[in-house]
Amino acid sequence: MITAKARAVDGPDKTFRAAEIKRRDLDSHDVLIEIKYAGICHSDIHTAHGEWGPVHYPLVPGHEIAGIVTSVGPEVTKFKIGDRAGVGCMVDSCGECQNCRNGEEQYCLKGKVDTYASVDKYGEPTQGGYSTHIVVPEDFVLKIPDNIELDVAAPLLCAGITTYSPLNHWGAGPGKKVAVVGMGGLGHMAVQIAHAMGAEVTVLSQTLNKKQDGLQLGASHYYATSDPETFEKLTESFDLIINTVSAKINMDAYLELLTLDGTLVNVGAPAEPLSLSAMNLIGHRRSFAGSMIGGIRETQEMLDFCAKHNITPRIEVISADQIDEAYQRVLASDVKYRFVIDISTM
Ligand SMILES: [Zn+2]
Ligand SMILES: [Zn+2]
């Protein structure tokens, strides 16, 4: 057993405390990673607060993990000591179902093993990246390209792949008009990736506060959704809309912005059910869709794509003692655009 230092919460309304957690001894295909940086994702907050169902406490969140390989199991072939490595939202899956065989492990028919708040094949609760070390099967570890620093690599493992995968799947590229709803951690990645894919990008944000950033990151247009004229002006404009907002929004107003055969993809996850008018789909053969992270192969492809196009998230690095404060600021949308914990401060 390996003892790792961590930051844990003991209940839905508790603050973080220093903790020690056990990491298993390396199995034949396991990799031990010394974590250098861990991003703070909105999902961490939902889970820590118990908003997505019952949670096994104490909980160590964190599924945007970047570090260095410090030990490998005897049969590991993909990694060696010293490699730069990343771990995202999942650490295992059945490996045998149709979806796993197709490289879509996130949709494993037997259920993927989440990086935290899940149960692994040994029957142990999984604990995430707000810790100094993690043990993960090599098939769920990503290679971080040399030209991406580890602090900015961390958020790519969730925010990056969550936006890359639907942009890739629904064919964002030259000649396509893509709208990104929300200019937060996910949105500011979607803008950069869609732009690099060659699409014409528009940001739809509540206000124009982050307009300059949006344009700098690659958007051609930027509109405030608080202005009703925006929706009139942009009717039937977009081939693809990526909705990154996890608050409830008026779906019909956004569906009307899609062209014939356009698709609105949800990657933000509101807690309450949504409503929409079927006529808004029928009239223009539109699709209403969702997408969850991406498979391991696609996550590697995303990292290599970001390296090639110099795409990195904008981050604010914090110490381990600032997690509670960071959560408050994420909830207040007061972050540009991702908090990343410097694990050396643990
Ligand atoms: Zn996440
Ligand atoms: Zn499977």
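We did not get these values from a lab; they are worked out from the coordinates using the rules stated. Owing to the predicted nature of the structure, the values given are computational and were not obtained by experimental measurement. A quick note on method: Cβ atoms are made from the backbone with ideal geometry, for glycine too, and the neighbour counts reach across all protein chains shown.
Tabulated data for the structure shown
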read-out: Ranked by how many other beta carbons lie within 10 Å on average, peptides 265-272, 32-39 from highest; value: 32-39, 265-272
read-out: Sequence of His309, His29 once ranked by neighbouring C-beta atoms within 10 Å, starting from the fewest; value: His309, His29
read-out: GNM result for the chain, Cα springs below 10 Å: residue of Tyr122, Tyr164, Tyr223 fluctuating most strongly; value: Tyr122
read-out: Fraction of beta bridges assigned by DSSP in the chain that are antiparallel (%, nearest 5); value: 55
read-out: Sum of -39500 (n - 2.57) over DSSP H runs of 4+, divided by residues of the chain (222 nm, nearest 500); value: -6000 deg cm²/dmol
read-out: Sequence of Met183, Met346 once ranked by neighbouring C-beta atoms within 10 Å, starting from the fewest; value: Met346, Met183
read-out: Projected-area mean, the chain, by convex hull of Cα positions, square nanometres; value: 16.6
read-out: Rule-of-thumb Rg ratio for the stretch 115-258 [Cα; 2.2 N^0.38 Å; N residues]; value: 1.23
read-out: Highest average packing first - 124-136, 91-103, Cβ atoms within 10 Å; value: 124-136, 91-103
read-out: Base-10 log of normalised Debye intensity for the stretch 71-150 (one unit scatterer per alpha-carbon) at q = 0.12, 0.15, 0.16, 0.17 Å⁻¹; value: -0.37, -0.59, -0.67, -0.75
read-out: Partner aspartates and glutamates for Lys177 [C-alpha distance under 20 Å; skip if fewer than 8 residues away on the same chain]; value: Glu200, Asp213, Glu229, Glu232, Glu236, Asp239, Asp252, Glu256, Asp261
read-out: Protection proxy ranking of 139-146, 40-47, 12-19 - average other beta-carbon atoms within 10 Å, highest first; value: 40-47, 139-146, 12-19
read-out: Local net charge near Cys94, Cβ-Cβ under 15 Å (Lys/Arg +1, Asp/Glu -1); value: -3
read-out: GNM flexibility winner over the chain from Tyr57, Tyr222, Tyr254 (Cα, springs under 10 Å); value: Tyr57
read-out: Relative contact order (%) - the stretch 222-346, alpha-carbon pairs under 8 angstrom, separation at least six; value: 18
read-out: Zero-based 10 Å bins, Cα pair distances in the stretch 1-150, whole percents; value: 12, 41, 36, 10, 0
read-out: Under 27 Å between alpha carbons - lysine pairs in the stretch 1-136 that sit 8 or more apart or on different chains; value: 26
